[in-house]
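See structure below.
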Amino acid sequence: MDVSVVIPVQVSERAAVAATLQGVFGQQYDGGRVELFVVQYGGGDLLTLPSLPSGRSVRFFSVEDPSPYAARNLAARAASGEVLLFTEPGCVPDPHWVRAHVTAIRDSGITLSVGHVAPMRETWALTTFLAYEDSRDAWVFSGQSWRHLFGRPKNMAIARHRFQSHGPFVEVMRGADSKLVQHVAREISPREVGHTPAAIVRQQDVHGLPNLLRDRFIHAQALRLHNSAHAAPIRLEDRIGILRRTAAEHGYGPTATIALLGFLASGILAFRLGGASARFVRRPAG
């Protein structure tokens, strides 16, 4: 299957996009052609892309709209791939990223594949924290409630025909990936949406739990600033069940489980503080 990879980028992200391009060029995929789009959004001087490896090419577009989803939609209209893959600057795809998404869509009967976002370097605290989130993702995507489903702009793929039938992205500032996922699941079936843990991108700037908590703070702040929804909250009893499953699957004893609870509490605090801080931030234009 031919695929189209789309990377929206702002002027401020010019340094981060180089590693992302390198990851895409390093894909070990022989099931079809891989075309790559880089779309600058939000105005500013046009980017100068880094030197490309011999035989590699990038289709570059720009759009003045400040929404990254406007950039994704522009590329999707020009794309020829049977599968559209989306990631962001600063995210480095593992070599089998394309193959994992394509295999999931081709063999599992899904049309939307949500991949895994991993840190560039793992610590014990970060690995323990993410163990819970991995169990949570498995719970969300194995359920039948479209309200709990979400997308990942850093790592998501969709069959072209489904994007044409239920897209494009709503051109807001945040959350349109989740809106699209929920739209497909609500109008067709949650079974159209799958979680593909083998499709991995790694965030360059996350190499410890403090970095991840910083990202949660910024993410919550952005959601509040732009009045964006993500997914329905998970009930406390379900969260407790996910916690127990995480501890059992990883063989956590009392000490590790208490540590995990502390890490999760810090994540909740970072998210809530990020949301509360939005009232002190000037709302961006657009």
Discussion item. Surrounded by fewer than 19 Cβ atoms within 10 Å (Cβ to Cβ) and either in contact with a helix residue (DSSP H, G or I) (Cβ under 9 Å, 6 or more places away or on another chain) or basic (Lys, Arg) (or both): is that true of residue 218 in this structure?
Written reply: yes
Discussion item. Going by what's in this entry, would residue 212 be described as under 21 Å from residue 139 (Cβ atoms), in contact with a strand residue (DSSP E or B) (Cβ under 8 Å, 6 or more places away or on another chain), touching a residue at least 60 places away in the same chain (Cβ under 8 Å) and among the aliphatic types (A, V, I, L, M)?
Written reply: yes
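Kindly indicate the residue of the range 187-205 that is among the hydrophobic types (A, V, I, L, M, F, W, C) and under 28 Å from residue 16 (Cα atoms) and also surrounded by the fewest Cβ atoms within 10 Å (Cβ to Cβ) among those meeting that condition.
Residue satisfying both the conditions and the ranking: 198.
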Discussion item. I'd like the full set of residues that are crowded, with 20+ Cβ neighbours inside 10 Å and out of contact with any helix residue (DSSP H, G or I) (no Cβ under 6 Å at 6 or more places or on another chain), limited to the range 174-186.
Written reply: 175, 177, 178, 180, 181
Discussion item. Can you say whether residue 72 is in contact with a Phe, Trp or Tyr (Cβ under 6 Å, 6 or more places away or on another chain) and either surrounded by fewer than 18 Cβ atoms within 10 Å (Cβ to Cβ) or of a type in the set (D, E, K, R) (or both), as far as the supplied structure shows?
Written reply: yes
Fill in: Subset tally (residues that are under 13 Å from residue 185 (Cα atoms) and outside any loop (DSSP other than H, G, I, E, B)) for the range 122-157
6
Discussion item. Here's a check for you: in the range 152-187, which residue that is closer than 15 Å to residue 114 by Cα and small (Gly, Ala, Ser) is modelled with the lowest pLDDT?
Written reply: 175
Discussion item. Going residue by residue through the range 217-233, is there one that turns out to be under 19 Å from residue 13 (Cβ atoms), assigned to a helix (DSSP H, G or I), within 14 Å of the chain's Cα centre (by Cα) and in contact (Cβ under 8 Å) with a residue 24 or more places away in the chain?
Written reply: yes
Worksheet item: Is at least one residue of the range 243-264 modelled with pLDDT of 95 or more, out of contact with any helix residue (DSSP H, G or I) (no Cβ under 9 Å at 6 or more places or on another chain) and of a type in the set (A, V, I, L, M)?
Response: yes
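Does residue 125 qualify as being over 17 Å from the mean Cα position of the chain (by Cα), over 15 Å from residue 3 (Cα atoms) and aliphatic (A, V, I, L, M)?
yes
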Fill in: In the range 61-82, the residues that are aliphatic (A, V, I, L, M), over 21 Å from the mean Cα position of the chain (by Cα) and within 14 Å of residue 44 (Cβ to Cβ)
63
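The values are calculated or read from the model by the stated rules, or taken from the named source; none is laboratory data. Note that this is a predicted model, so its numbers are computed, not measured. Using ideal geometry, Cβ is built from the backbone for each residue, glycine included, and neighbour counts are taken over all protein chains shown.
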